[in-house]
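The values are calculated or read from the model by the stated rules, or taken from the named source; none is laboratory data. Bear in mind that the values here come from a model prediction, so they are computed numbers and not experimental data. Cβ: placed from backbone, ideal geometry, glycine included. Neighbour counts: every protein chain shown.
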Amino acid sequence: MRPPANLIVGSTLVALVLGTAALSLVWSPHDATRIVVAMKFQPPSWTHPLGTDQLGRDVVSQLMVGARNSMAIALIAVLLGGSIGTALGLLAAAAGGWIEEAVMRLADFSFAFPALLFAIMLAAVFGPSLTNAVIAIAFINIPVFARVARASAAQVWTRGYVLAAQSAGRGRLAITQDHVIPNVLAPVTVQLTIEFAVGILAEAALSFLGLGVQPPTPSWGRMLSDAQTLLYLAPQLAIWPGLCIMVAVLGFNLLGDGLRDVGDPMLRRRR
Amino acid sequence: MTLLILRRFIGFILTLLAISAAVFFVMNVLPGDPAMVILGIDSTDDARAALREQLGLNAPVIWRYFQWLGDAVQGDFGTSYSFRVPVAGLIAERLPMTLALAGLATGLTVVLALVLGVYAATHHGRAGDWAVMAFSQLGIAIPAFWLSMLLVILFAVTLRWLPPGGFPGWDDPVAALRALILPATALALVQSAVLARVTRSAMLEVMRQTYVRTATATGLSPARVMWRHALPNALVPIVTIIGMQVANLVTGTIVIENVFYLPGLGRLVFQAISNRDLITVQAMVTLFAAIVVTANFIVDLAYLWIDPRLRSRQ
Amino acid sequence: MLAVSGLSVTFDAGQALRDASMTLARGERLGIAGESGSGKTLLGLSLLGMAPEAASVTGSVVFDGQHVVGAAERDLRALRGQRIAMVFQEPLSALNPLRRIGDLIAEPLRLHRGMGRAAAMDRAAALLDEVGLPDPVSRLRQFPHEMSGGQRQRVTIALALACDPDLLIADEPTTALDVQVAALILALLRDLSERRRMALILISHDLRAIARVTDRLAIMYGGDLVEQGPTAQVLGMPRHPYTRGLIAARPILSATRDRSAPLPTIPGTVPALSALPPGCRFAGRCPVELPHCRTTRPTGNPACHREGA
């Protein structure tokens, strides 16, 4: 069975981006933070395939290290928020009653706070920093995963074999481990890829606004923020980081869509 | 139905209260000593003590919360520490700008999304459909602030048709509009990507329903069937997504105002952050969150208006 | 009034309706019977030019001198609702749930007849009365979900009658209703046809319903029209093997019938759209099949190599 197009394209793009990020850990054409003012605004050449920026730093190297930073932040934040959220969702479904109601209300309530607002609050109080950005992004993932996990888990709890296990005396924790988690894994994984995409966008926006990655650490968002002041001088500097963000987000989105299509053949027909 | 609305309204008020409490907690309790935050680490103990006295920070937290809440409900959000003027005044100054931008962007979004979505649904499986889906995928992946820069490079730097940023004031409406076009378009393109997709799938779902056939069999034109019978039924999921998008709209407006140097609420909040102006930030974050919640409440009410079937249910 | 000749509807997957031919006189009542997938709904839709976009329609349908197949959309719109009307199966979704009944019926009146709102509402109330809805004026402001299934079906009929069509096509109008209500709806349809001298095509898989309402009957199988004739004759003396099997399979409530004997059935299943044989489509299930049945298409009435006229 041939995998759907978006799965193929998505995984290729994701592999490309993750591969570049991983590569940057061991090698990059130049030191991304090395400032050589004399070499500023160089056009593309063999030594600098995409040229240099306003401080003579190599653009390609910055993009590579930026990839690593963006990926790492998005990954950590989403995994953090995702695990807490999923745990809450599973708890809600297993406990039912007022606990479930309370958790869901809390989740609904959290939707009023987009990541940016939360990051703004943290930045005002603690000063802008990378940690704050990670916390903010993690925070908004909690209700998303709580909802997804609870919805899936709640379905499993109504199934016949679970009722059978319960009447046989199996505890709720055991049932969750044995039956609920395997069934919840698929939708949560799909959601993870989609939230990675959202996380990358969020991190880029936060860094762009100065609320995330702080100088001199390279980041796609920060590169765009620098480029913004130079739009008349060097418009080309604005193109590459944005393109990278778009490719990464597109890749994860397509991957998530592809995974969802593969997991649920019924959905595939409806597109 | 009145009972239903009442219940929703009470829920709405409770949520607003919860938001105010949450924001207050984060900004007053978490940092430990707000005076330290405002004045910085190098400040003297005396200076901080004096500030605490001045801002009434020595009172118990709960008391301070209700004090603040009571004042806020009456329109008094405190005095900005950095600007030395009432926060309410600052907000009132910048609000028209932000509303204009958000309003224009939303208008463009809805028009674009509905047209594209209906078009894609009526040309399902053909080139037009694929084109709209491709546009949608790109629109979702593109950061709004980058799109803004690209638009500026094209229309301001290269073609010089529109200004790259700033706002000339409301006296000259044409100039004001010109300053708003690029920002609103950038926001609208990104927002409409998701909405167009939802419109398309909602329309496809609706078009399979028998009442669409009935309408056609009665001799109505395809346009009439689409816009007066199909689309209204597709509105429920569409409106749901619009509600969910409000949070994105608030975020987007804040970001775009900073990209285009527009003197609205988005710029204000960032100035406040740089100045460690906790009071202003607190008021503004509460306001933004309240806007999101209010929009969702309005969406809930809109459901009842759109779909008569929901009016009698619990 | 209506002449169908060589009507075929083909999808990518296969030919769902093959070379159908029939006629209908003014005021006549025709039944089209068959199981799901026999092409009967497609036949009905094609009379209005409403076959799905993905289908290619060939042949001819002439209604009162006007060609339907290949006609321009504008001409078709003049036909629909005003000369030919169609009523669909009613699983709650045949009426727009967001609009009040009065508005729904008034719409074609205002568009096609140019009536003002008040006049259209009056006429709508009259129509609701004609289809047997008690208290029609208060119904005008009701929504579809506030009515029962039978009431909604009456509303769809009223909607169809709005512009006094010459032909009403009813596609499985009673399938979603319970037996008593179904009987009332069928009686209503017959009544309306007689009173208005309006032709009626009743599409159904329920032979008893067809027997009650129609004068002539056409049996369809696998996209082919296999037998046509006066209703009583087709049901009483069926000549096509499929028709015979269909009639024999009807459960009969009778004190004298042997209850212990199994209900006769036709072995096998209807072939899928993509697997339709080039010859007689009943081949493979027919108890009196001849060797060339599968490959050569039978014509005539009944369409059968063995029994054919």
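Pull up the range A:51-83, narrow it to residues that are in contact with a Gly (Cβ under 7 Å, 6 or more places away or on another chain) and of a type in the set (Val, Ile, Thr), then point me to the one that is surrounded by the most Cβ atoms within 10 Å (Cβ to Cβ). Walk me through it before giving the result.
Let us first name the residues in the range A:51-83 that are in contact with a Gly (Cβ under 7 Å, 6 or more places away or on another chain), namely A:59, A:74, A:77-78.
With of a type in the set (Val, Ile, Thr) added as a condition, the list becomes A:59, A:78.
Working: A:VAL59: 24, A:VAL78: 29.
So, considering only residues that are in contact with a Gly (Cβ under 7 Å, 6 or more places away or on another chain) and of a type in the set (Val, Ile, Thr), the one surrounded by the most Cβ atoms within 10 Å (Cβ to Cβ) is A:VAL78.
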Taking only pairs six or more apart or across chains, which ones have beta-carbon atoms under 9 Å, a first residue in the range A:195-210 that is in contact (Cβ under 8 Å) with a residue 12 or more places away in the chain and within 13 Å of A:ASP226 (Cα to Cα), and a second residue that is among the aromatic types (Phe, Trp, Tyr) and surrounded by fewer than 24 Cβ atoms within 10 Å (Cβ to Cβ)? A:LEU209/B:PHE270; A:GLY210/B:PHE270
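In this structure, does B:PRO237 turn out to be away from every other protein chain (no Cβ under 11 Å), without any contact (Cβ under 8 Å) to a residue 40 or more places away in the chain and part of a helix (DSSP H, G or I)?
Values: away from every other protein chain (no Cβ under 11 Å): yes; without any contact (Cβ under 8 Å) to a residue 40 or more places away in the chain: yes; part of a helix (DSSP H, G or I): yes.
So B:PRO237 passes the test.
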Of all residues in the range C:132-154, which are part of a helix (DSSP H, G or I), crowded, with 17+ Cβ neighbours inside 10 Å and within 13 Å of chain B (Cβ to nearest Cβ)? C:PRO144, C:ARG152, C:GLN153
Residues in the range C:29-58 that are surrounded by fewer than 19 Cβ atoms within 10 Å (Cβ to Cβ) and modelled with pLDDT of 90 or more: how many? 0
Per the filter on the range C:58-67, residues touching a residue at least 12 places away in the same chain (Cβ under 8 Å), in a strand (DSSP E or B) and closer than 19 Å to C:ILE169 by Cα are C:SER60, C:VAL61, C:VAL62, C:PHE63, C:GLN66
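From the list A:ALA165, A:ALA149, A:ALA186, pick out the single residue that is more than 26 Å from the chain's Cα centre (by Cα) and of a type in the set (Gly, Ala, Ser). Please lay out each step first, then the result.
Values: A:ALA149 fails: more than 26 Å from the chain's Cα centre (by Cα); A:ALA186 fails: more than 26 Å from the chain's Cα centre (by Cα).
None of the other options fit; the residue is A:ALA165.
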Grab the helices (runs of 4 or more DSSP H) fully contained in the range A:94-188, keeping just those with 3 or more residues being buried (at least 18 other Cβ atoms within 10 Å of the Cβ) and of a type in the set (Gly, Ala, Ser). A:115-126, A:130-157
Quickly run through the range B:58-78 and pick out the residues that are surrounded by fewer than 17 Cβ atoms within 10 Å (Cβ to Cβ), on the phi < 0 side of the Ramachandran plot and either free of Cβ contacts under 8 Å to residues at least 24 places away in the same chain or among the basic types (Lys, Arg) (or both). B:ASN58, B:ALA59, B:PRO60, B:ILE62, B:TRP63, B:PHE66, B:GLN67, B:GLY70, B:ASP71, B:VAL73, B:GLN74, B:ASP76
Could you list all residues from the range B:267-308 that are without any contact (Cβ under 8 Å) to a residue 12 or more places away in the chain, buried (at least 16 other Cβ atoms within 10 Å of the Cβ) and more than 22 Å from the chain's Cα centre (by Cα)? B:PRO308
How many residues of the range A:1-58 are farther than 17 Å from A:LEU230 by Cβ, charged (D, E, K, R) and under 27 Å from the mean Cα position of the chain (by Cα)? The answer is 1
Test: residue in the range A:184-192 that is small (Gly, Ala, Ser) and away from chain B (no Cβ under 14 Å): yes
Quick test of your reading of the structure: C:GLY229 fulfils all but one of (1) assigned to a helix (DSSP H, G or I); (2) over 26 Å from C:ARG77 (Cα atoms); (3) not hydrophobic (A, V, I, L, M, F, W, C). Name the failing condition by number. (1)
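Every residue, every condition in (1) part of a loop (DSSP other than H, G, I, E, B); (2) within 24 Å of the chain's Cα centre (by Cα), yes or no:
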{"residue": "B:ILE41", "(1), (2)": "yes, no"}
{"residue": "B:ASP46", "(1), (2)": "no, no"}
{"residue": "B:LEU51", "(1), (2)": "no, no"}
{"residue": "B:GLN54", "(1), (2)": "no, no"}
{"residue": "B:LEU57", "(1), (2)": "yes, no"}
{"residue": "B:ILE62", "(1), (2)": "no, no"}
{"residue": "B:PHE66", "(1), (2)": "no, no"}
{"residue": "B:GLY70", "(1), (2)": "no, no"}
{"residue": "B:ASP76", "(1), (2)": "yes, yes"}
Which count do you get for residues in the range B:106-151 that are surrounded by fewer than 18 Cβ atoms within 10 Å (Cβ to Cβ) and not in a helix (DSSP H, G or I)? 4
Within the range A:31-50, the residues that are touching a residue at least 12 places away in the same chain (Cβ under 8 Å), surrounded by fewer than 17 Cβ atoms within 10 Å (Cβ to Cβ) and either closer than 24 Å to A:VAL247 by Cα or not β-branched (Val, Ile, Thr) (or both) are A:ASP31, A:THR33, A:ARG34, A:ALA38, A:LYS40, A:PHE41, A:PRO49
Which one of these does C:LEU95 not meet: (1) surrounded by fewer than 20 Cβ atoms within 10 Å (Cβ to Cβ); (2) of a type in the set (A, V, I, L, M); (3) within 11 Å of chain B (Cβ to nearest Cβ); (4) part of a loop (DSSP other than H, G, I, E, B)? (1)
